[in-house]
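S.K.: Below are the structure tokens for one structure; questions will follow.
Where a number appears in this text, it was derived from the coordinates with a stated rule and is not lab data. Worth saying up front: this structure is predicted, and the values here are computed from it rather than measured. Glycine gets a Cβ as well: all are built from the backbone with ideal geometry, and neighbour counts include every protein chain shown.
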Amino acid sequence: MNDVKPPRRILPAIVFCQVAGTSLWFSGNAVVRQLQELIGATPMLAGWLTSAAQLGFVAGTLAFTLGRIADKHSPRWLFSLCCLIGAVLNLGIVLAPAAGQAGVFVLLALRFGTGFALAGIYPVGMKIASGWYRHGLGKALGFLVGALVLGTALPHGAMALLHRLPWEATVFASSGLAVVGAALMFACVPDGPYLAPPAAARLRGSLGRMFASRQVRSTAIGYFGHMWELYTFWTFVPMLIAAHAHASGIEQPVSAWSFLVIAVGAIGCAVGGLLSQSLGSARVAFTQLCVSAACCLLLPFAFHWPPPAFTALLLVWGVTVVGDSPQFSALAARHAPAQDVGSVLMAINCTGFALTIVSIEMTNWLLRYVPVQWLFLPIAVGPLIGLVFFRTMLQPGQAPAPAPVR
């Protein structure tokens, strides 16, 4: 097939829709303090809400992988439908306090369902992009994961902007944006010319390819180390900011700073995507994983720094903790068999997100016994292991030459 130049609207449309759909991810976390007061839940609720969404995402990716849904059906249909379902489930958050003490279980069930729907948004968005971009996929995925970052941060930003309104306004804003994303994806982004027709269902072969190829195996383990750190950092960023403000005696707008620390990761994704065109995806991913691991190890010392220095560390951490993600995805998509790209990406995502549940709940448990500044030392183990295995991708002949800029 001759190269097809995508229409200019395609990437901006996918990026906006990804922001809109993934704004559902941390919608519950943005209003967790209000939910704790109304329901009388423990301080561990923030971790529980994230873990419930992650568990739903894992279940969704597993179900979609088993059924090869992303390869058998139009990805834009799947994306739009999952946005609508997620928006409805997200709205249920505003009703949960009416259930009293049982509201915690209602919230967890709703977040699980929302996470299941997100399995048809985030990885399917990457599938849609891979159908339009044969060259420059690392750059395209850099913008797409940047969109995920903005979507994840958006509820914190909405909470900061809408703080004078009832807390329910943040939830309504996230759901409304997801509906807009569903409509725009369906109306403006047809299936791309590079979508490979699905092969016959070969579950064992499809999942086995995740580790059969040395390149895919190294990339997957690097990605797993990155995921061990990423969502734990995003979950506990508000707590880190609040704890440092308390220790320094200087009040900080927690929601606003949480938004900035998470959202700045979009810069790491976008710039990393551009740099991947000249340096290669492997080098970009390895460098960012190194820096984020260093931030984990620096936290116990940085916690006693003045607020400007501590904030600077969090911003650097926010840039690099997620900036490697699109490059891992681009490498996995590049080395996976064309007919199995959707299933292989979902399998890797499923495993990575399962690890985030372990990481988040371990950190939740450590909160009872360990000062907040020491929480991320065990988290550093993930990226360090990822670096050990992923370094083979830097050797000559292991990673493909950078694709030409288009």
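S.K.: Counting Lys +1, Arg +1, Asp -1, Glu -1, what net charge surrounds residue 287 among other residues with beta carbon under 13 Å of its beta carbon?
M.R.: Overall, the nearby charge balance is +1.
S.K.: So between residue 256 and residue 290, what do we pick up on full extension, going 0.36 nm a residue minus the alpha carbon distance?
M.R.: The residue 256-residue 290 span can extend by a further 9.5 nm.
S.K.: Quote the FRET efficiency, to the nearest 0.05, computed for residue 66 versus residue 381 with a Förster distance R0 of 45 Å and r equal to the Cβ-Cβ distance.
M.R.: 0.90
S.K.: With each label point set 7 Å from Cα along the Cα-Cβ vector, what nm distance links residue 180 and residue 389?
M.R.: So the two model labels end up 4.0 nm from each other.
S.K.: What residues have an amide H closer than 5 Å to that of residue 380, excluding those fewer than 5 places away on the same chain, when H is modeled at 1.01 Å from N in the peptide plane?
M.R.: Hits under the 5 Å cutoff: none.
S.K.: Take residue 163 and residue 217, extend 7 Å from each Cα along the Cα→Cβ direction, and tell me the distance between the two endpoints in nm.
M.R.: 5.1 nm
S.K.: I need the peptides 262-269, 316-323, 289-296 ranked by packing, meaning the mean over residues of other C-beta atoms within 10 angstrom, with the highest value on top.
M.R.: Packing proxy ranking, top to bottom: 316-323, 262-269, 289-296.
S.K.: Follow-up question, since we're still on this one. Where the centre of each part is set by its Cα atoms, how far does region 14-84 sit from region 234-274, in angstrom?
M.R.: Centre-to-centre (Cα) distance: 21 Å.
S.K.: Moving to a separate point now. To the nearest 500 deg cm²/dmol, what mean residue ellipticity at 222 nm is calculated for the chain from DSSP H runs of n ≥ 4 alone, each contributing -39,500 (n - 2.57), summed and divided by the residues?
M.R.: -24000 deg cm²/dmol
S.K.: Still on this structure, please answer the following. Can you give the Rg to Rh ratio for the chain, taking only C-alpha atoms and Rh from Kirkwood?
M.R.: A ratio of 0.95.
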